[in-house]
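Structure first, then comments.
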Amino acid sequence: MSTDRMKKVCIVGASGKLGRYMVQQSLERGYEVVGVCRERSVSKLAEFDGRMTIVPGPTDDPEVIRRAVAGCDGVLTVLVPWGVRQYSSGTAQAVLDHARPGARLVFSCGWHITRDGKDRYSRLFTLGVRLASVLGKLVRAVEIDDQVEACRRVFASDTRWTVVRGSSLEEGDSQGLPVWSRHVGDPVLASDLTRRVDFALFMVEALTDDTLVQEAPAIVGCRAPSALAHAGDREDRKDRN
Ligand SMILES: NC(=O)c1ccc[n+]([C@@H]2O[C@H](COP(=O)([O-])OP(=O)(O)OC[C@H]3O[C@@H](n4cnc5c(N)ncnc54)[C@H](OP(=O)(O)O)[C@@H]3O)[C@@H](O)[C@H]2O)c1
């Protein structure tokens, strides 16, 4: 889909940090923006008063999502593993069921999600995810398995989806569009750090990038040492040819 056909976008999970960056960047592109967030979080969007429409409600409520995505050309969904009531998979399912056919659907998650099982994780990373899964469930705060299930459903759908897999995040000014690879473990990703604002940038850019349709890019900041080293490699190869 070309940029001029992307006119109205819905941001599901608009009140979080990633969501607010995406609202700002979508408004800057001139898109009409509809945001979905929990009722109690509406005030977190006060800075956008009069510039966006808010549909308050749980993001896994099919009726809330149906109203919010009506007429949208793109839907940006923040998939979070909070709670132990299948919030992530419910949210993904509602978006998959109600977005208009042909709409661009972009979902966020972390590197721990694998599409084809070919990602290579460090032992420390795997241990961290396992611990977070077990402890999170134990205290009934986090359900990482459900974020996995959410992505499984997205991967299995025949919609125009992209699942953006974020590295560790930091705050700070934008450094530019992150670089990406199909697989964690690729040397370009080794630095494992992206500015949150640039994670948002990648999500918003993906709306109009057809090369990312049905891809699950794992991203890293474009100024991260591993990304810079990789850019150097590419330049060297070009010079040699
Ligand atoms: N944090 C990281 O280091 C990291 C690393 C890699 C990838 N990611 C991915 O980045 C995305 C954004 O994550 P983030 O950590 O940066 O958080 P974030 O942008 O601050 O977003 C958190 C979201 O979770 C919602 N939320 C919080 N508690 C909730 C609850 N109990 N029930 C339902 N919703 C709840 C928030 O809604 P309210 O505004 O209503 O509270 C908000 O929409 C996620 O897809 C995550 O998997 C994060």
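The values are calculated or read from the model by the stated rules, or taken from the named source; none is laboratory data. Nothing here was measured: the structure is a model prediction, and the numbers come from that model. Counting neighbours? That spans all protein chains shown, and the Cβs are built from the backbone with ideal geometry, glycine included.
Of the set (1) more than 10 Å from the ligand (Cβ to nearest atom); (2) buried (at least 24 other Cβ atoms within 10 Å of the Cβ); (3) part of a helix (DSSP H, G or I), all apply to C10 but (3). The sole residue among V197, V220 that is at pLDDT 95 or above and within 30 Å of P101 (Cα to Cα) is V197.
Name the one entry in V34, V95, V23 that is out of contact with any Pro (no Cβ under 7 Å at 6 or more places or on another chain), outside any helix (DSSP H, G or I) and either crowded, with 23+ Cβ neighbours inside 10 Å or not hydroxyl-bearing (S, T, Y) (or both). So that I can check it myself, show each step before the final result.
On the way: V95 fails: outside any helix (DSSP H, G or I); V23 fails: outside any helix (DSSP H, G or I).
After applying the criteria, what remains is V34.
Kindly indicate whether S108 is buried (at least 16 other Cβ atoms within 10 Å of the Cβ), touching a Lys or Arg at 6+ places or on another chain (Cβ under 7 Å) and hydroxyl-bearing (S, T, Y). Judged against the criteria, S108 is not a match.
Scanning segment 160-170 for residues that are near the ligand (Cβ under 10 Å from one of its atoms) and charged (D, E, K, R), we see that the one that is nearest to V129 (Cα to Cα) is R165.
For segment 56-87, filtered to residues that are over 15 Å from D97 (Cα atoms) and buried (at least 22 other Cβ atoms within 10 Å of the Cβ), the residue that is farthest from the chain's Cα centre (by Cα) is P81.
Residues in segment 101-159 that are closer than 14 Å to P81 by Cα, in a helix (DSSP H, G or I) and within 12 Å of the ligand (Cβ to nearest atom): V129, A132, G136, I144, D146, Q147, V148, A150, C151. Of all residues in segment 50-94, exactly one satisfies the criterion of being under 21 Å from D145 (Cα atoms), more than 13 Å from the ligand (Cβ to nearest atom) and among the aliphatic types (A, V, I, L, M), namely A94. Just a yes or no: is a residue in segment 162-176 out of contact with any His (no Cβ under 6 Å at 6 or more places or on another chain), small (G, A, S), outside any strand (DSSP E or B) and crowded, with 18+ Cβ neighbours inside 10 Å? Yes: segment 162-176 contains one or more residues that are out of contact with any His (no Cβ under 6 Å at 6 or more places or on another chain), small (G, A, S), outside any strand (DSSP E or B) and crowded, with 18+ Cβ neighbours inside 10 Å. Among the residues of segment 181-228, those that are part of a strand (DSSP E or B) and either within 16 Å of the ligand (Cβ to nearest atom) or under 15 Å from the mean Cα position of the chain (by Cα) (or both) comprise S181, V184, T194, R195, E215, A218, I219, V220. Scanning segment 44-92 for residues that are at pLDDT 95 or above, out of contact with any Asp or Glu (no Cβ under 6 Å at 6 or more places or on another chain) and in a strand (DSSP E or B) returns T53, I54, V55, G74, V75, L76, T77, V78. Scanning segment 1-49 for residues that are of a type in the set (S, T, Y) and touching a strand residue (DSSP E or B) at 6+ places or on another chain (Cβ under 9 Å) yields a count of 4.
If a residue has to be among the β-branched types (V, I, T), at pLDDT below 95 and surrounded by 11 or more Cβ atoms within 10 Å (Cβ to Cβ) to count, how many in segment 135-161 make the cut?
Total satisfying the criteria: 2.
Residue selection: G128 fails the criterion of being surrounded by fewer than 21 Cβ atoms within 10 Å (Cβ to Cβ), on the phi > 0 side of the Ramachandran plot and of a type outside the set (D, E).
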